[in-house]
1. When only alpha-carbon atoms count, how far does the range 16-91 stretch along each of its three principal axes, as whole angstroms with the largest first?
2. For Thr50, tell me the accessible area in Å² from a 1.4 Å probe, rounded to the nearest 10.
3. Could you state how much accessible area Val81 has, in square angstrom rounded to the nearest 10, with a 1.4 Å probe and all protein chains kept in place?
Amino acid sequence: MTIDPSHLLTLADISTNGPDTEGLADFLRGFFGPLFLVIVSIVAIFFLFTREITRFTQFLLLAILIGIVFYVPGIIQAIAVALAKAMGVNE
């Protein structure tokens, strides 16, 4: 069994080009997205069963805000640009 040297990744290739992170954000979003939803569901059910409606409402609002930032990452840039324009900062 022989190893073809053209397929080996050298340390020089990594240092000059950097690691290939294409699609990393999509992979992480696909992996942690369902996990986030499961955790939110379990905590929400706990608050409902213990009849802590105020904490349930606070948790639900916070979970929605975190979910928006997680599933729509471009919204952070849009909010930052809107705030900068509202404060009179020119690009």
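1. Here the spans come out as 53, 39, 14 Å, largest first.
2. Number for this one is 60 Å².
3. Approximately 50 Å² of Val81 is accessible to the 1.4 Å probe.
The values are calculated or read from the model by the stated rules, or taken from the named source; none is laboratory data. What you are looking at is a predicted structure, and each value in this text was computed from that prediction instead of being measured. Just so you know, the surface numbers come from the protein's heavy atoms only, side chains and all, with ligands and any DNA or RNA stripped out. Shrake-Rupley method; radii C 1.70, N 1.55, O 1.52, S 1.80 Å.
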